[in-house]
1. Would you list Leu5, Leu300, Leu327 from fewest to most Cβ contacts within 10 Å?
2. Tell me, what HN-Hα J-couplings in whole Hz come from the Karplus equation 6.51 cos²θ - 1.76 cosθ + 1.60 at θ = phi - 60° for each residue of the stretch 127-143, using x for Gly and Pro?
3. What net charge do the residues around Asn202 carry, taking every other residue with its C-beta under 12 Å from that of Asn202, with Lys and Arg at +1 and Asp and Glu at -1?
4. Restrict the search to the stretch 198-241; then list the trypsin sites (Lys or Arg not before Pro) that DSSP places in a loop and that have at most 11 other Cβ atoms within 10 Å of their Cβ.
5. Where a ≥ b ≥ c are the square roots of the eigenvalues of the C-alpha gyration tensor, would you call the stretch 37-76 rounded, which needs a/c under 1.5, or, failing that, prolate if a/b is larger than b/c, or oblate?
6. Sum up the charges of everything whose Cβ sits under 14 Å from the Cβ of Ser91, counting Lys and Arg as +1 and Asp and Glu as -1, but leave Ser91 out.
7. If neighbour count is taken as other Cβ atoms inside 10 Å, put Cys260, Cys217 in order from fewest to most.
8. List, in order, the whole-Hz ³J(HN,Hα) value for each residue of the stretch 186-199 obtained from phi through the Karplus relation with A = 6.51, B = -1.76, C = 1.60 and θ = phi - 60°; use x for Gly and Pro.
Amino acid sequence: MRLTLTRPDDWHLHLRDGAALASVLPATARRFARAVVMPNLKPPVTTVAAARAYRDRILAALPRGAVFTPLMTLYLTDRTEAAEIAAAKASGFVHAVKFYPAGATTNSENGVTDWRHVRPALAAMEQHGLPLLLHGEATDADVDVFDRERVFVERTLPPLRRDFPGLRLVLEHVTTADAADFVRTADANVAATVTPQHLLWNRNELFRGGVRPHAWCLPVLKRERHRQELLKAATTHPRFFLGTDSAPHPRHSKETTCGCAGIYSAPAAIELYAEAFEAVGALDRLEEFASQRGPDFYGLPRNTQQITLRQQPWTMPAEVPFGEHTLVPMRAGEVIRWRLDDGQQN
Ligand code: NCD
Ligand code: ZN
Ligand code: ZN
């Protein structure tokens, strides 16, 4: 069986930098025409100048002949000025601003500590129509790790919506029925991205036969009930679209006493979504989710090229090169049901 769809885009992606960037970029560029590139480098991408330089490094790292456009983001800090937001909009290559609560996830130390500090930047984004991308988790130490997204949705989103009703929001990597409900019932300014792992796995995967550091990401996998709600939203709702959150970390940083959060899905990203949609009989909605709703929300043209997937099983390698290290991809050593039909080997 074959499935042809408009070439998809990835609306949430970590590409890292340097040798790591060169290792992971080809897998994404092979499948996607564009990707929203996260700014959580060290140091973070907080200015238009830094975003331009990072964009140049990404373009320079592309394999020969690849046609791929990185859509850049700025990392919101307590000190981001309204003028930087205006410059971002004027740049034409910065498409959004990323909010990390300080301490929530990988390289979020420079994130926002207090919403009051970022009000001028948010007002400028509202004015210029630049979306705010949210890592939506409450970081208070007394909030249960499985409740962090729900508490963020309940505590933080209502005042944000009230104070900046025209601000376009993307709730990134949604993991709960609570987040899905919020987005479904909000107006057209609010959207969400959904990862392959949150559509394919519930939290049992973290403990399948033993503790599995490569299934550890943030927000952490949730109960089956939530996964079912995410599948429903992704397959039916116009404001839920593809964002892999592919987040590579070297093997040794995950297989250790205190391992990093992040799942690397890029080598089978669209194939994994095809599996998830197929499992609920919704393959006919994959193109909408992967190739149409994202550009529609961001106000960008839909892609015109196509890709073809073939139902032909292959085995994901146990590890792949990552700069001078290695990296364990999602579903390492396991069978992937769909194959990208582009003449290249997996
Ligand atoms: C991401 C990373 O490693 O950069 N990790 C993750 O678990 N998702 C950061 C993020 O998206 O929160
Ligand atoms: Zn995040
Ligand atoms: Zn991410």
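1. Ordered by Cβ neighbours within 10 Å, fewest first: Leu300, Leu5, Leu327.
2. Rounded to whole hertz, the list is 5, 8, x, 9, x, 9, 9, 10, 7, x, 9, 6, 9, 4, 4, 8, 8.
3. Summing Lys and Arg as +1 and Asp and Glu as -1 gives +3.
4. Those satisfying the criteria are Arg208.
5. It is prolate, given that a/c is not under 1.5 and a/b is the larger ratio.
6. +1
7. Exposure proxy ranking, most exposed first: Cys260, Cys217.
8. After applying 6.51 cos²θ - 1.76 cosθ + 1.60, I find 7, 7, 5, 7, 10, 9, 8, 9, 10, 8, x, 5, 6, 8 Hz.
Taken together, the values in this text are just the output of simple stated rules run on the coordinates, not laboratory data. Because the structure is predicted, anything quoted here is derived from the model rather than measured. Cβ sites come from the backbone with ideal geometry, for glycine too, and all protein chains shown count toward neighbours.
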